[in-house]
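Working notes, beginning with the structure itself.
The values are calculated or read from the model by the stated rules, or taken from the named source; none is laboratory data. Not measured: the values here are computed from a predicted model. Every residue, glycine as well, gets a Cβ built from its backbone with ideal geometry; the counts of neighbours run over all protein chains shown. Calculation scope for accessible area: heavy atoms of the full protein, side chains included, ligands and nucleic acids excluded. Shrake-Rupley method; radii C 1.70, N 1.55, O 1.52, S 1.80 Å.
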Amino acid sequence: MSNTNVQIFDTTLRDGEQVPGCKLNTEQKIIIAEQLDLLGVDIIEAGFPVSSPGDFKSVEAISKIVKNATVCGLTRSVENDIKVAAEALKYAKTPRIHTGIGTSDSHIKFKFNSNRDAILDRAFKAVSYAKTFVEDVEFYAEDAGRTDNDYLARVCEAAIKAGATVLNIPDTTGYCLPHEYGAKIKYLKENVKGIERAILSCHCHNDLGLATANSIEGVINGARQIECTINGIGERAGNTALEEVVMILKQHPYLNLDTNIKTEMLYGLSQLVSDSMGIYTQPNKAIVGANAFAHSSGIHQDGVIKNRETYEIIDPKDVGVTESAIVLTARSGRAALAYRAKNVGYELTKLQLDEIYVNFLDYADKKKEVNDDDIHIIVENSRLYKEIISA
Ligand code: KIV
Ligand code: ZN
């Protein structure tokens with residue numbers, strides 16, 4: 001892995017599947033895992049094996065079929081969790097155990113009724129135990145976003161000493177601002193002894209809509225793995241959206257950070273996850289929403305028809321969308337009508353367009369959107385129809 005490469009850790013099948021009512025069965029998970037592997041994600045978090053027999057079965061089945069990606073299973077800092085995860089991962093070509101514990105004062109006091117030294121000890125023991133099963137062990141410091149940096153650095157040092165290969169710094173509650181999250185990663189890079197032996201990972205939740213921004217600040221400040229889900233699905237307001245961070249890095253080459261993702265597969269994967277989980281993707285969702293490449297105002301349509309780059313920073317084909325859409329509404333101008341009419345077979349002169357445009361506006365005021373069938377009706381009902389078809 002070069003120093004410019006950001007590893008993409010997909011957790012659609014674990015954190016993503018924590019969306020209420022969106023449970024997937026093993027067959028659906030296998031299909032998604034196969035596609036994620038083809039997409040080029042580096043790590044697939046396949047589930048939390050100890051949580052249920054179904055999850056165990058899914059992690060085991062995914063371990064058997066994934067060809068390229070590392071397959072990862074989540075655990076708490078509990079010996080039985082780790083043992084069960086190792087068992088579920090035994091068929092994986094490259095297995096990873098993801099173990100960890102809450103490190104913020106709130107988690108230490110209210111979840112564990114414990115103290116900082118005891119938690120640090122549990123972290124060390126969990127990683128050491130996981131290392132008896134697999135080489136690749138990722139440690140998460142849950143609620144790292146609200147954990148004091150000095151203590152967090154001590155926990156990270158203990159995890160590295162025990163053999164952790166990756167240190168996950170989750171903003172579990174989505175509380176951090178981008179500059180704070182970036183500063184946290186920088187602090188760890190500069191203050192954790194042995195940090196050169198481990199990769200720092202961003203795992204950001206979207207409670208304030210900042211998951212993507214925080215992950216990007218994380219990698220700008222030295223993290224080299226992003227944990228994310230397709231469509232940003234996940235617990236509460238969700239996780240960092242895979243398609244967003246991948247396209248941000250691709251569209252900003254001066255950051256000098258890249259991923260192994262085949263971006264032309266992004267739209268297909270988004271549809272697959274949305275259909276399998278029965279979760280509708282909001283139309284204005286960045287990159288994969290139905291309106292992400294649709295233009296409806298006359299000014300924008302005129303620009304896009306002249307040159308797509310006037311209002312698009314991404315070529316839709318780069319993310320698997322066939323083409324930009326020029327949507328005809330009462331706000332559309334002549335350029336958009338001429339463009340859409342040409343697509344259905346009418347090459348209009350300026351005069352013809354002027355007449356038809358008046359009929360079009362009449363029609364568009366009564367309908368939300370004018371489709372190809374409507375264009376035929378508008379043209380056929382125009383005074384100039386004969387002239388148009390004999391041209
Ligand atoms: O958000 C979080 O802290 C997590 C950990 C379990 C990795 O999902
Ligand atoms: Zn999470």
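Quick look at the values:
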{"read-out": "Tally of residues being within 18 Å of Leu257 (Cα to Cα) and assigned to a loop (DSSP other than H, G, I, E, B) across the stretch 199-233", "value": "4"}
{"read-out": "Options Asn191, Asn214: the member that is polar (S, T, N, Q) and more than 16 Å from ligand 2 (Cβ to nearest atom)", "value": "Asn191"}
{"read-out": "The stretch 104-150, subset within 21 Å of Lys193 (Cα to Cα) and assigned to a loop (DSSP other than H, G, I, E, B), residue most open to solvent (accessible area, probe 1.4 Å)", "value": "Glu135"}
{"read-out": "Count - residues of the stretch 212-248 that are open to solvent by 10 Å² or more (accessible area, probe 1.4 Å) and either modelled with pLDDT under 95 or of a type in the set (D, E, K, R) (or both)", "value": "5"}
{"read-out": "Out of Phe56, Phe48, sole residue that is surrounded by fewer than 22 Cβ atoms within 10 Å (Cβ to Cβ) and in contact with a helix residue (DSSP H, G or I) (Cβ under 8 Å, 6 or more places away or on another chain)", "value": "Phe56"}
{"read-out": "Residue that is nearest to ligand 1 (Cβ to nearest atom) [pool: residues in the stretch 233-260 that are over 16 Å from Ile314 (Cβ atoms) and out of contact with any helix residue (DSSP H, G or I) (no Cβ under 7 Å at 6 or more places or on another chain)]", "value": "Arg236"}
{"read-out": "Number of positions in the stretch 340-391 that are of a type in the set (D, E, K, R) and outside any helix (DSSP H, G or I)", "value": "5"}
{"read-out": "The stretch 161-193, subset in contact with a Lys or Arg (Cβ under 7 Å, 6 or more places away or on another chain) and open to solvent by 10 Å² or more (accessible area, probe 1.4 Å), residue farthest from Leu74 (Cα to Cα)", "value": "Tyr175"}
{"read-out": "Residue ID - surrounded by the fewest Cβ atoms within 10 Å (Cβ to Cβ), chosen from residues in the stretch 1-38 that are among the aliphatic types (A, V, I, L, M) and within 15 Å of ligand 2 (Cβ to nearest atom)", "value": "Val19"}
